[in-house]
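Structure, as structure tokens:
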């Protein structure tokens with residue numbers, strides 16, 4: 001069934017009139033997502049798989065990535081957690097091309113856990129740099145890094161100014177003369193969260209690794 | 001049958017001028033025979049008798065020439081010179097073949113040449129040139145120092161193209177222009193050369209034909225000789241740079257993940273980064289093996305642009321030159337066969 005669907009999409013894309021593709025500033029497509037989530041200690045370790053979608057827009061020196069995802073995190077074998085939870089994440093990244101391979105990046109990330117008390121929901125503004133490189137015709141790769149500012153957690157807690165970091169790696173491969181894009185994206189987040197229940201600050205770090213593999217239609 | 005008829009016509013055409021240039025007078029033929037037999041006295045007697053008879057111009061010249069040779073052979077140089085003077089006056093273009101003539105006769109002939117006033121070897125070169133940008137070469141030989149006037153005459157038109165005192169060979173360069181500066185009109189002309197010393201004068205002429213034609217225009221250029229357009233793109237050599245950079249990016253991401261991981265959360269997961277990184281390295285490897293995409297060759301693009309500008313500039317000049325040439329006229333000057341000698 002999936003093969004038929006893929007074949008139908010390819011045929012549909014191949015008969016696109018070229019005038020619709022002349023700009024090709026926009027792409028959108030589904031993604032398969034897999035991740036690793038840890039919180040507070042090595043015992044709360046989850047691994048999950050899910051789905052999502054990603055859209056990209058490029059206009060002159062500006063570009064934006066919007067990714068939504070939903071994963072079901074299940075307790076890993078090496079941990080003591082017993083309950084699985086769903087994590088919905090909304091990630092927006094706006095970029096402005098600066099010079100050479102460098103672009104400045106600004107955005108926000110919001111992750112909601114369900115059931116609410118199984119993991120921390122959080123939201124933060126992100127800022128950083130994006131370094132892109134054209135590997136070959138139609139093949140782009142990118143490395144990005146940045147900080148997350150002003151995070152808010154559902155269970156409370158604070159971080160130091162440099163306590164929330166983000167690192168990413170991206171790959172885009174154009175196919176069918178740029179009408180189709182295969183993409184892969186890696187996103188690592190580390191938040192050095194601390195809580196204080198009146199007896200002093202206690203470390204309650206959060207760490208997530210996300211891998212996204214997807215396909216997108218370019219317009 | 002047709003072949004025979006053609007042959008007969010050809011023979012008739014060839015034999016007609018030959019008969020006109022042969023000696024018909026019997027006395028003169030007898031004198032020639034006596035000279036050939038080295039019987040100079042008989043040759044003199046018969047030659048002088050022939051001159052008293054009715055002879056053609058050619059025969060009369062041959063009779064005097066025979067007398068000149070005979071007197072020279074008898075060492076009577078002065079009389080020989082006199083006889084050759086008559087030959088020169090009758091046939092100013094006459095020359096003796098030095099390989100078949102005795103030195104005495106040759107020297108007598110040369111002396112005779114210096115004692116009569118004639119214009120010899122009038123010649124006009126065939127030439128084609130753009131009006132106002134070339135000349136017609138006219139040359140002749142005058143045997144004595146004399147005032148020589150050269151004219152070009154056609155009907156009512158008479159153009160004086162040269163006037164000089166000269167002796168020996170004279171070369172004239174005539175621009176074939178009217179006094180107004182315009183090219184002379186097309187038509188048949190006579191180049192007349194008149195030499196005068198006191199009461200003595202001599203004139204000769206040569207017909208020429210002047211025709212007008214269009215001046216050739218220049219073709220437009222599509223390329224400059226010796227210069228060819230260069231390819232504006234070039235394929236860079238294969239390199240391991242894509243693979244290397246993909247490995248570096250992946251290494252930085254994975255090393256960064258390992259370095260930034262919180263120690264309290266156990267060993268960090270490399271699964272996600274490893275999958276994406278492996279894909280990236282694989283893409284870099286493929287790109288390394290793949291033929292690189294052609295890149296614009298800036299130097300070649302600038303070179304081609306320069307070449308196009310040069311050709312465009314040259315074509316503009318050619319267009320201007322062609323506009324000018326279409327307003328010009330090409331003059332062709334051809335000498336025609338001469339009808340008669342001098343007087």
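Provide a single number: the residues in the stretch B:257-266 that are out of contact with any helix residue (DSSP H, G or I) (no Cβ under 7 Å at 6 or more places or on another chain) and either crowded, with 16+ Cβ neighbours inside 10 Å or within 7 Å of another protein chain (Cβ to nearest Cβ) (or both).
Number satisfying all stated conditions: 6.
Are any residues in the stretch A:141-175 more than 19 Å from the chain's Cα centre (by Cα) and in a strand (DSSP E or B), and if so, which ones?
A:158, A:174, A:175
Among the residues of the stretch B:233-246, write down those that are more than 11 Å from chain A (Cβ to nearest Cβ) and crowded, with 16+ Cβ neighbours inside 10 Å.
none
Does the stretch A:114-126 contain at least one residue that is within 14 Å of another protein chain (Cβ to nearest Cβ), in contact with a strand residue (DSSP E or B) (Cβ under 6 Å, 6 or more places away or on another chain) and in a strand (DSSP E or B)?
no
Checking residue B:254 against (1) at the interface with chain A (Cβ under 7 Å from one of its Cβ atoms); (2) within 29 Å of residue A:203 (Cα to Cα), which single condition isn't satisfied?
(1)
Would you mind stating whether residue B:21 is surrounded by fewer than 16 Cβ atoms within 10 Å (Cβ to Cβ), closer than 30 Å to residue B:142 by Cβ and touching a helix residue (DSSP H, G or I) at 6+ places or on another chain (Cβ under 8 Å)?
Yes.
Restricting to the stretch B:34-62, what's the tally of residues that are in contact with a helix residue (DSSP H, G or I) (Cβ under 6 Å, 6 or more places away or on another chain) and within 17 Å of residue B:105 (Cβ to Cβ)?
Summing the residues that are in contact with a helix residue (DSSP H, G or I) (Cβ under 6 Å, 6 or more places away or on another chain) and within 17 Å of residue B:105 (Cβ to Cβ) in the stretch B:34-62 gives 7.
Just one of the numbered conditions (1) out of contact with any helix residue (DSSP H, G or I) (no Cβ under 6 Å at 6 or more places or on another chain); (2) modelled with pLDDT under 95; (3) within 13 Å of chain B (Cβ to nearest Cβ) is not true of residue A:129; which one?
Among (1) out of contact with any helix residue (DSSP H, G or I) (no Cβ under 6 Å at 6 or more places or on another chain); (2) modelled with pLDDT under 95; (3) within 13 Å of chain B (Cβ to nearest Cβ), residue A:129 violates only (2).
Within the stretch A:94-113, can you find the residues that are away from every other protein chain (no Cβ under 13 Å) and not in a strand (DSSP E or B)?
Of everything in the stretch A:94-113, just one residue is away from every other protein chain (no Cβ under 13 Å) and not in a strand (DSSP E or B), namely A:100.
Could you figure out which of (1) touching a strand residue (DSSP E or B) at 6+ places or on another chain (Cβ under 9 Å); (2) more than 30 Å from residue B:328 (Cβ to Cβ) isn't true of residue B:128?
(2)
Restricting to the stretch B:272-288, name every residue that is in contact (Cβ under 8 Å) with a residue 40 or more places away in the chain and more than 7 Å from every other protein chain (Cβ to nearest Cβ).
B:285, B:288
Only one of (1) surrounded by 13 or more Cβ atoms within 10 Å (Cβ to Cβ); (2) more than 9 Å from chain A (Cβ to nearest Cβ); (3) touching a strand residue (DSSP E or B) at 6+ places or on another chain (Cβ under 9 Å) is not met by residue B:269, so which one is it?
(2)
Could you grab me the full set of residues in the stretch A:1-54 that are closer than 16 Å to residue A:174 by Cα, at pLDDT 50 or above and part of a loop (DSSP other than H, G, I, E, B)?
A:25
The values are calculated or read from the model by the stated rules, or taken from the named source; none is laboratory data. Bear in mind the structure is a predicted one, so any value in this text is a computation, not a measurement. With ideal geometry, Cβ positions are generated from the backbone for all residues, glycine too; neighbour counts draw on all protein chains shown.
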